[in-house]
Structures are given as C-alpha cells and as structure tokens.
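Visitor: First the structure, which I've put down as structure tokens, then a few questions once you've had a look.
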Amino acid sequence: MEEGHHAMSNRLNRRSLIKGAAGTAVGAAALGVSKRSKAFAAPTVIQETGSQVKVVFWSAFGGKNGEVEQELIRRFNESQQDVVVEYQFQGTYEETAQKVIAALQARQAPDLAVLSEANWFRFYANNYLAAMDELIAAEELDTADYVESFLTEGQRQDQQWWMSFARSTPLFYYNKQMWAEAGLPDRGPETYTEFAEWGPKLVKKNGNDVSQWGFLHAPATDYISWYHQGTVWAFDGAYSDEEFNVRLAEPNSVKSGEWLRSTVDAGWATASQDRTTDFINGISASMMQSTGQLANLKANAPFEFGAAFLPSEVNPGCPTGGAGMGILSTSPAEKQQAAFKYIAFATSPEITTFWSQNTGYMPVRKSASESPEMQTFYETNPNFRTAVEQLATTKPQDPARRFVPAGDSIIGKGLEELTVNRAEVQPTFEKIKGTLEEEAKPILEQVEAIEG
Amino acid sequence: MDSLSMQDRRRLTRSVGYLAMALIVLVIGLPVWWMFSGSLKTSQEIYTFPPDWIPRNPRWSNFTDAWQSAPFGRFYFNSIVTTVLGSALEITNATLSAYALAYLRFPFKNVIFALLLAAMMIPSQVTVLPNYVFFGATVFDLIGESWVNTYQAIILPGASVAFGTFLMRQSFLGLPREVLDAAKVDGAGHLRTLWDIVLPMARPVLVTFGLISVVAKWNDYLWPLVITQTENMRTLTVGISSFYDLEGNTQWGLVMAATIFVIFPLLVVFVFAQRFIIEGLTAGATKG
Amino acid sequence: MVSTTGEGAVPSYGGRTGEQSSSRRTRTEARREGILFVLFMLPNAVLFGLFTYWPMIENVRLSTQRWDMISPIRLGIGLENYRYLLRDGTFHRVLLNTGYFTVAAVGFSLLLGLVVALLLNQPLRFRDGARAVVFAPTLLSGAAIGIVWSYIFDPRYGLLAQVLGWVGIGSPDWLNRPEWSMPAIIIVYVWKNLGFAAVIFLAGLQAIPRDLYDAAKVDGANPWWRFRSVTLPMLSPITFFLLVTSILNTFQAFDIIRVMTQGGPADATNTLIYYVYEQGFVALNAGRSAAASLVLFVLMMIVTLVQLRFTEDRVHYG
C-alpha cells in the first residue's frame, strides 16, 4: 500500500519536476511581460513615512570575499536613505542554510539570505521563499541584461524565487613553475586521459614520502561532488537526468569513478582536507577550485599560477555553482521590498563589476562582463577571463545533487570512498544510487504538494 | 646488582624518576609551546622545515592582526557575561539541591537523586535541537518574542546541575554531624545552617566546583554555536572556530595567536587556583 | 552509579534527628522540611525538566517521525528511522568508530594516567609543578586545542613531523588518511585528558595506608607483587570512577572532532555523537538524529549498568 503510494507520487513528482524545468523558459518570457504591467506602490510608502527599513541579511562569504561583500553593503547603505542592510556572516553555504532552517523553527529568520544553488530549492519547496516577480517589476530590473542561465536557474512555476549573485564554476588551477619543471606545456590538460599521463611527472618524492603531489582531490565537506559533476559529464555519464532517474551506476558514470580512483592508485593524486592551503604552499601542482577563490589565490600564492578549463573527455563537462540570494517569505512585505532593493543593487552592472574583480565570481550581468572596465581587467588578469569563457560549456548541475536533501553530502561521501579508501567503483556508485533514490522521495512529495 | 650499594640504587632510581618526570612535562608542554611559538611566527617561518623552536624575529603583530580581524573584544565580553552568570546560577542550584538532598526529608528522595544523576547520562548535544526550538518558537508563542541569540538562551540550559549537586551532596554528608546537631539545638533554621555552618565548612568543594563550572562554561562550544546568530553575541570558542574555518589560506600565525586569546584566561586562573581545582576534584572522586 | 558508596553508608542528618524527636514535632518539622526541599530543588528541577528531560522525550517523539527541520509537516513513520540505522552502512561504521575511539581513548588515558600517577607518587622534588602541568590541558577549550593540534599534525611543517624526523620516521598525513585520522583524534584526546586520570589516581595512591605496604613487605612481597596485591585492589574504586566518567566523556567528545576532521576523511572519525550532530544539523534528518541520539543514550546506560554489575563484586570499597 505504502509502496504503491510512493511509486505513484514518485511518477507524478518527476513529471512536476520536469514541468518546473520546462517552465523556466516560459518563466523568462513571462518576466518580460510582467515587468511593467504591475504598478507597485509600496516603496513610496517607505519614503513617505521617512523611517528606514532594516533588512537582516545572512551571508556565507568569509575571509577576503567577506570583506568585499561588507564593502558592498557599506556602499548600499550609504547610497540611499530608505533601507539599512544589517550583515551577518554565518559560515559556509551549508552552515548558513542550516542556520536559516534552525532560525525558521525559532521564528528568527533573516529577511534575506545567501543560499547556494544546491540549497535554495529546499526553501522553495517548503514555501519559505518569497516570489520576486512583482519586486522585479517594481524595481524595473532589466532582466534581459542578466546572464540567462543564471537567471532561469532561480525560476520555478513562471516565477523568480532566487537571484544569482556569486556564481562560479570550477576551474583547473596549476602551478606554472611546477608545470615547467615537469616539462609540460603552459596550459591545463585537455582531457582526463592526458591529465593521467601528466600526473606522474608532477610527483616528487623524498624516499617514500611524497613532497609534491600532481593533484589534490577535494574532501566531501568541500564539495568534491561539485567538481566531479564536471568529470562525470566529461565521461558522458551523469548523476541523474532531469527526470530524477539516478544514472550514477551506468557504465559511463562508472568510468568517471574509475578515472578518479586511478589517480590515487597511480600515486600522483590524493585527498586533502585543505587543498587550497596545500596548493599555496607548493605541496600540490594542481587542484580544482571555484572561480570564487581566484582573488584569494592571487593575493596569497607566492608563485605564478594558471587557471584553465576543466579537462574534457568524451564531452566537455563543467557545472555552474556558487550562490544567489533569496528573500524569506516569513518577512513582512515591507522588508521583502527593502531586501530586493539590495539584490538589485548588488547585481547592478557597476557593483557586479566590482564584486567580480575582487572575488573572481562570474559577472551575472552581460553589460558588466562586456564593459570596457571589465575587458581591461581581463587583459591584465587572464585567469579571470577563463571562467567567463568557460561559461559557454557549463550547465546547471544534475537534480540529484541540487535538489535531493543532502545530495551533495551523499555523493561527496561516496566519492571520498574512492579517493580516500580506494573502494571498488561499481558497488560504491550502486550504493550512492540507492541512497539518493531513497532520500529523493520526501522532496518529490513536497514538490508535488507545492506545485500540484 | 649486588655491587651497587643501597644508596647508589636509590640515587639511580631517583635520577630515572626525574628523567621520566621531565619527559612527561615535556610531552605535555610541547604542544602549548608550539602554540606560543607559532603565534609569533611569520607565514614564511611557519612553512619552513625543520621548524624553528624559537621564532627568530618574534612577530608580535600577529596578536594585533588577529585581534582586529574579528571582534575579539566583544567575544571576550560575551564569554565573561555568560560564564559569570551561568556559573553563579549553577553554583546556587548545586548548593540548594545538595543541601536538600543531604539534609531534608522528603518522600522518594533517592528516586529524585537518581533522576538527577541519570541526567548526567544525557549528552547536552542531544538536547540542542529541541532546546533551540524552545527558545525560538515556544518562547515566541508565550511572550511574543524569540529568545534566540540572547544571553538568557545561552545561559539557562546550562544552569541546571547534576554533577555539582552530586559533588556537594557527598561533601555535605561528610561534614561532622555533631556540629549540625548542635546548630539545631541552638535553634538555627535550615537557611542559617546552610549559610553559617555548612557552606563555610564545605568551602573547598564549593571553590572547586565553582572553578570546574567556570571552565566548562568558558569552553562550551556547540550550544553557543547554535543559539547565537549575530557576531556580536558569539562567545570566544565560537568566534575562534569560525575564524579558523574561513575559507582560503590558513594563516597559522594569526590562528595560533587567536587560540591564545581563548586559552590564556584559563591558564591564568589555573596558575592561581590549580591547588583548589586538583585537590577539590580528587577529594570528590576519592570520597565518592 | 557513583552513589553506591554514599547512600547506604552515611545516614542522612535529617533521618537521624527524626529518630530523636517526638512524633508530633517530627510531623510539623517534616512538613516544613518538605516545603523547603521543594523550594530548594525547584529551580534545578524545573531547568532539568525543561532543558534535559523534555528534550529527551521530544527526541523519542522525533525518532518516530520524518522531518527535515524545515517542513511544517512532521510525518509519523513508526520505527522506520531505527530500521534505517540498522541497515545504514555509515551507521555501522560509526558504531565501530565509537567503540574504537572509546576503548583506545579511555584505555590510554587510564593507563598513562596511572603510570604518571605512580611516578608522581615518588618523593621527587617539583612533583606538584609536574602535576599541574599534566593536569592543565584538561581545562583548555577543545575547539582551541583542536586547532592547535591541526597545526601540530601538519605532515610537513608540524611539530610531530619534526619529532618523528628525529627518529627517522616520516610523518603520516594524519588528518587526510582514514587509518591515521582516528589515532590523531585519540592522541589529542589522551593528551588532553590523561592529566585528569593521573591526578585522581595520584590522590588514590596517596590515600593507601602505609601499613598495608609494610605488612606486604614483611611477608616478603617484591615491588611488583606489592603493586598487584596492595596498590591495584586499593585503587579499584577509583579506577571504577575513572572508567565511568571517562567513557561518558568520550561518548560526548565533539568539539575536537568537529574542529579537526568533521568526521572525515570518509567517515573515519565519525563517532556516534558526531553522527547525531551530522544527521541533525548537516543532513537535516531530525528523526534519524533523534533515533541515533537515543541509541547513544541507551549505550551510555548499558555501559553504566554493566560496569556496575561487573564491578560490584570486585570493587574494593576503601
């Protein structure tokens, strides 16, 4: 009985998920229409009362990127009199999402939050995100100027729920000095096969101890499943299809896992808890890291490094990632409007340029990346350009990672079994598949409940 | 063996004893030394091998840099407020409960005592989520505002005390009954007895437990991590871990300096009060 | 638990005066004492009820539900969360890890603690100072100490790499290798906690009456035999106390793991308490977290009871 119910709702929900995906195109069109069709009076109300609206904003950028973001907020608060954004750093994307969830339980949720591409959906599925179309219209946002894929990723049911802000892709970073020492050309490997040939040349040993690795794998806690999303696509596999069928145990996907394991078996790569620090300190010749670490690396690496596309294999493969902002539906309308003013500000062409140059995150506005200022910047910082160029080959991640609760952690821990424990690939991937399928059920039911 | 005189043998074992003692002190102390020396190193010095045991050019600015990169002054204030108030409540509770359990008659007193002790087996980590919801939703429903991110929320769950009650009860029971009986004959009430006789006599345990309580509050991690939302409410332990967690390049010099911010006050307390802590604790354990 | 020696042996002050009084006075006095008892116990009891026992009951309820901590609906699913734990490979590993960690951490803390105590029990100068140094780490914040040790364990620039280098051993990549990460955590734990065991053992040693040793000497017992026949039996109540408190402590060791490894790599340091946290606050499975927390609670109960049972006949009440 219960089984049957699950099976049926499963099918229904798969369909509704597809509907959601298909709906994005319609949504974009609808946005264009709705843009000027609705008058929106509320912002004037704020001006009339003359009181400032306080927006509590929870964010996930620490270190250098956090400083840049605080600068954005300072500029915003100084630029106008109506809204004051109060900034609170909450930790990683995951920690921020956890804090928001806990705060919702405690009726203490912020008005605005940075939510990663893998986290916002959960809030949407529980009705905790405010729809943005009316706010977009009120602010007369030029949606056509937003990079389309970034915009549509935050749409469901013809509505905008989440606005891209700090979008990234993985990049392949390499230490040019070590590359030269190993006699390799000054570029990233074109294919994973080529990388496997290069890898051993990059290893240095002190007796039995490796003093320099060819490559370091991310840990599960630092999103190995995001980086491997690119690899699995490159091998013509996938985590899942758009209809939520998990495809991880299929032969091509397994090949990507075999490749991952082979790097460890062959002794030129290993897993590291903190590969960025290791890379900076010359312990590894290369790593995959987010574009959002470009500025940090530039500031801290005492050597010249290159940023390249992820390798290809059968296909090119590279996911988009990073975060956007969502407005919590628990906030009063007045605060929602005020929060959106900040979103509009933070994604304005001028601020986008500033944010992108100082962090490495990709510009979400076309006019920003095409601006003379940005073009000059790319001339002097070719690594920053790589990310933007790579964008053409990227796509949003498979639903299994983005929409399944803890999907990132489930896949990540499975991959860690390969990089850390050198487990057999097929059974490991079968196991991940089973878990993903089980964990997907609740969210599918929720989506059905909310989208019908 | 026989060729060694009794005195020689004694001297030998004694030297071996000193050697072993020095070794132990070294093993235990080295990590702390490493922390101090690391806090004075430049990034470059940190990443050299073999490492310098004594930083060549002590970089004191690590401390000021660390201090400025997070609001450590505020963290200190929060840690002090929550520790002082939390410990005061805990000590009061422990004293009152211990007195009641030791000297006052009540039906099923042993059951109550057992229930209290059983609470020691409930790890506080397990109660975090329901308590969080309590301070948010439940308190909100009751009084119209949430207590999440407030001092009272940080403090209250730690204000109940089982271990301290147990420790003090044992100590109260060990006090000479003649004195208590005499007080009773003199017509002293329970409050008087507690204040004038029991507490002064039990002072060592009181001090010990007070110190243990202060240490525990100061070091508490998970609960303040969860219940605080804004930087200006974070305590030192939470502050240091988010300082360390920041993505990117770990700057050990600054991080070590920051850990010293957390550890230093307790080391000072310990230097002055170690006798109380150690002897009080051992008395509690050996008599228990 | 630890109360076995207290309750029976020492009659309460209240009880004794009761015997001496006339029955009427006893009754009014008993009433007043009862009221006072309630007043004295009330704050503690209310706080315990609210923040310890009620959450525990709430956990029992949660453990029969599926709830992602965000959805307004908590779905009743009976024992499904427990069935999940039974078949979840991660949970099985977590149980093994917990056993490994507990046995090793408690074992080494007690063993080394005893060795240190025996040494500091010798008439050596500066031994009080040494005792203070050994005890000090017990007081330090686990979060801060975990960070310091992460630096010490750095396989290239860390203190330990240097020390191992002296004896010609290369440093393992402690926190990145599954086979070394648990030993690393255990080392930190033992470093931090052996001082507590040492200090308690030392107090126990000093409480052993000299004449017992003298008697053994007269019987011609050699030092080892004296240790076995006098020291160990006399230390048994203390060992029991330490065993219980240490096990309860290791079951709750959280901040070190959270700061140093986050349960990784590949779940190698994922213990029960971390799993409870991870399922609750990372994977957001409140129900599974609650179920696991009850498993932890039951384990702690069982350990305590088994120990009580096991040691009842053997412990020498000194």
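Visitor: Restricting attention to the stretch B:29-46, does a residue exist that is more than 7 Å from every other protein chain (Cβ to nearest Cβ), free of Cβ contacts under 8 Å to residues at least 24 places away in the same chain and in contact with a Phe, Trp or Tyr (Cβ under 9 Å, 6 or more places away or on another chain)?
Guide: yes
Visitor: Residue by residue through the stretch B:241-288, note down the ones that are buried (at least 20 other Cβ atoms within 10 Å of the Cβ), modelled with pLDDT under 90 and β-branched (Val, Ile, Thr).
Guide: Within the stretch B:241-288, B:THR250, B:ILE277, B:ILE278, B:THR282 qualify.
Visitor: Taking interchain pairs and intrachain pairs at least six residues apart, which have beta carbon atoms under 9 angstrom, with the first residue in the stretch B:1-24 and farther than 26 Å from C:VAL133 by Cβ and the second modelled with pLDDT under 90 and in a helix (DSSP H, G or I)?
Guide: B:MET1/B:ARG9; B:LEU4/B:LEU12
Visitor: What do you reckon, is A:TYR342 under 23 Å from A:PRO170 (Cβ atoms) and in the same structural domain as A:TYR93 (by TED's automatic domain parsing)?
Guide: It is false that A:TYR342 is under 23 Å from A:PRO170 (Cβ atoms) and in the same structural domain as A:TYR93 (by TED's automatic domain parsing).
Visitor: I've got another one for you. What residue, of A:ALA387, A:ALA423, is under 17 Å from the mean Cα position of the chain (by Cα) and among the small types (Gly, Ala, Ser)?
Guide: Result of the check over A:ALA387, A:ALA423: A:ALA387.
Visitor: Might you check whether a residue that is buried (at least 19 other Cβ atoms within 10 Å of the Cβ) and under 21 Å from the mean Cα position of the chain (by Cα) occurs anywhere in the stretch A:204-217?
Guide: yes
Visitor: So if I check each of C:LEU96, C:LEU62, C:LEU120, C:LEU124, which one is assigned by TED's automatic domain parsing to the domain that holds C:VAL298 and touching a residue at least 24 places away in the same chain (Cβ under 8 Å)?
Guide: C:LEU120
Visitor: If I filter the stretch A:291-302 for residues that are within 14 Å of chain B (Cβ to nearest Cβ), buried (at least 20 other Cβ atoms within 10 Å of the Cβ), under 17 Å from the mean Cα position of the chain (by Cα) and among the β-branched types (Val, Ile, Thr), do I get at least one hit?
Guide: Scanning the stretch A:291-302, I find at least one residue that is within 14 Å of chain B (Cβ to nearest Cβ), buried (at least 20 other Cβ atoms within 10 Å of the Cβ), under 17 Å from the mean Cα position of the chain (by Cα) and among the β-branched types (Val, Ile, Thr), so the answer is yes.
Visitor: Take A:PRO319 and tell me if it is away from chain B (no Cβ under 14 Å), surrounded by fewer than 18 Cβ atoms within 10 Å (Cβ to Cβ) and closer than 25 Å to A:GLU69 by Cβ.
Guide: When the stated conditions are applied, A:PRO319 does not pass them.
Visitor: In the stretch A:122-149, how many residues are surrounded by 24 or more Cβ atoms within 10 Å (Cβ to Cβ) and modelled with pLDDT under 90?
Guide: Adding up the residues that qualify gives 2.
Visitor: Yes or no: the stretch C:39-46 includes at least one residue that is more than 31 Å from the chain's Cα centre (by Cα) and either part of a helix (DSSP H, G or I) or modelled with pLDDT under 90 (or both).
Guide: The answer is yes; a qualifying residue exists.
Visitor: Would you say B:ARG203 is at pLDDT below 85 and either under 19 Å from the mean Cα position of the chain (by Cα) or among the hydrophobic types (A, V, I, L, M, F, W, C) (or both)?
Guide: On the way: at pLDDT below 85: yes; either under 19 Å from the mean Cα position of the chain (by Cα) or among the hydrophobic types (A, V, I, L, M, F, W, C) (or both): yes.
It is true that B:ARG203 is at pLDDT below 85 and either under 19 Å from the mean Cα position of the chain (by Cα) or among the hydrophobic types (A, V, I, L, M, F, W, C) (or both).
Visitor: Still on this structure: I need the full set of residues from the stretch A:280-289 which are facing another protein chain (nearest Cβ under 9 Å) and either of a type outside the set (S, T, N, Q) or in contact (Cβ under 8 Å) with a residue 12 or more places away in the chain (or both), in order please.
Guide: The answer is A:ILE280, A:GLY282, A:ILE283.
Visitor: I've got another one for you. So, in the stretch C:153-182, of the ones that are touching a residue at least 24 places away in the same chain (Cβ under 8 Å) and assigned to a loop (DSSP other than H, G, I, E, B), which residue ends up nearest to the other protein chains (Cβ to nearest Cβ)?
Guide: The extreme case among them is C:ARG177.
Visitor: Answer yes if at least one residue in the stretch C:220-229 is basic (Lys, Arg) and within 30 Å of C:ALA253 (Cβ to Cβ), and no otherwise.
Guide: Among the residues of the stretch C:220-229, not one is basic (Lys, Arg) and within 30 Å of C:ALA253 (Cβ to Cβ), which makes the answer no.
Visitor: Could you grab me the full set of residues in the stretch B:43-69 that are under 27 Å from A:PHE89 (Cβ atoms) and of a type outside the set (A, V, I, L, M)? Steps first, answer last, please.
Guide: The first filter runs over the stretch B:43-69 and keeps only residues under 27 Å from A:PHE89 (Cβ atoms), leaving B:43, B:46, B:59, B:61-69.
The answer is B:SER43, B:ARG59, B:SER61, B:ASN62, B:PHE63, B:THR64, B:ASP65, B:TRP67, B:GLN68, B:SER69.
Visitor: Tally the residues that are in contact with a Pro (Cβ under 9 Å, 6 or more places away or on another chain) and at the interface with another protein chain (Cβ under 7 Å from one of its Cβ atoms), restricting the search to the stretch B:98-127.
Guide: Residues flagged as in contact with a Pro (Cβ under 9 Å, 6 or more places away or on another chain) and at the interface with another protein chain (Cβ under 7 Å from one of its Cβ atoms) within the stretch B:98-127 amount to 3.
Visitor: Now a separate question. So which residues in the stretch B:56-101 are in contact (Cβ under 8 Å) with a residue 40 or more places away in the chain, buried (at least 19 other Cβ atoms within 10 Å of the Cβ) and among the small types (Gly, Ala, Ser)?
Guide: B:ALA66, B:ALA70, B:SER79, B:GLY86, B:SER87, B:ALA94, B:SER97, B:ALA98
Visitor: To continue, here is another question. Take residues that are within 15 Å of C:ASN44 (Cβ to Cβ) and tell me which of the helices (runs of 4 or more DSSP H) falling wholly in the stretch B:100-213 contain 3 or more.
Guide: B:109-118, B:163-173
Visitor: When residues of the stretch C:280-292 are filtered for being more than 9 Å from chain A (Cβ to nearest Cβ) and of a type in the set (S, T, N, Q), how many remain?
Guide: Residues meeting the conditions: 1.
Visitor: I've got another one for you. Which of the numbered conditions does C:VAL134 fail, given that it passes all the others? Conditions: (1) more than 8 Å from every other protein chain (Cβ to nearest Cβ); (2) assigned to a helix (DSSP H, G or I).
Guide: (1)
Visitor: Let me ask you something else. crowded, with 22+ Cβ neighbours inside 10 Å, in contact (Cβ under 8 Å) with a residue 12 or more places away in the chain and more than 30 Å from C:VAL303 (Cα to Cα) - does that describe any residue in the stretch B:102-111?
Guide: Yes, that holds for at least one residue.
Visitor: Which condition number in (1) at pLDDT 90 or above; (2) within 30 Å of A:ILE101 (Cβ to Cβ); (3) hydrophobic (A, V, I, L, M, F, W, C) is the one that A:LEU444 fails?
Guide: Exception for A:LEU444: condition (1).
Visitor: Quick check on the stretch C:67-93: of everything there that is in a loop (DSSP other than H, G, I, E, B), touching a residue at least 60 places away in the same chain (Cβ under 8 Å) and hydrophobic (A, V, I, L, M, F, W, C), which residue is surrounded by the fewest Cβ atoms within 10 Å (Cβ to Cβ)?
Guide: Filtering the stretch C:67-93 for residues that are in a loop (DSSP other than H, G, I, E, B), touching a residue at least 60 places away in the same chain (Cβ under 8 Å) and hydrophobic (A, V, I, L, M, F, W, C), the one surrounded by the fewest Cβ atoms within 10 Å (Cβ to Cβ) comes out as C:ILE77.
Visitor: Restricting to the stretch A:423-435, and then to whatever is more than 13 Å from chain C (Cβ to nearest Cβ) and assigned to a helix (DSSP H, G or I), can you tell me which residue is farthest from A:ARG247 (Cα to Cα)?
Guide: It comes out as A:VAL425.
Visitor: For the stretch B:68-97, which positions are of a type outside the set (S, T, N, Q) and either within 13 Å of chain C (Cβ to nearest Cβ) or closer than 30 Å to C:PHE37 by Cβ (or both)?
Guide: If the condition is that a residue be of a type outside the set (S, T, N, Q) and either within 13 Å of chain C (Cβ to nearest Cβ) or closer than 30 Å to C:PHE37 by Cβ (or both), then B:PHE72, B:PHE75, B:VAL84, B:LEU85, B:GLY86, B:ALA88, B:LEU89, B:GLU90, B:ILE91, B:ALA94, B:LEU96 are the ones that fit.
Visitor: Further question: Name the residue that is farthest from C:ALA184 (Cα to Cα), counting only residues in the stretch B:1-28 that are among the β-branched types (Val, Ile, Thr) and at the interface with another protein chain (Cβ under 9 Å from one of its Cβ atoms).
Guide: So, considering only residues that are among the β-branched types (Val, Ile, Thr) and at the interface with another protein chain (Cβ under 9 Å from one of its Cβ atoms), the one farthest from C:ALA184 (Cα to Cα) is B:THR13.
Visitor: Which one of these does B:GLY210 not meet: (1) within 14 Å of chain A (Cβ to nearest Cβ); (2) surrounded by fewer than 23 Cβ atoms within 10 Å (Cβ to Cβ)?
Guide: Failing condition for B:GLY210: (1).
The values are calculated or read from the model by the stated rules, or taken from the named source; none is laboratory data. Here the structure is a predicted model, which is why all the values come from computation and not from measurement. So basically every Cβ, Gly included, is an ideal-geometry build from the backbone, and we count neighbours across all protein chains shown.
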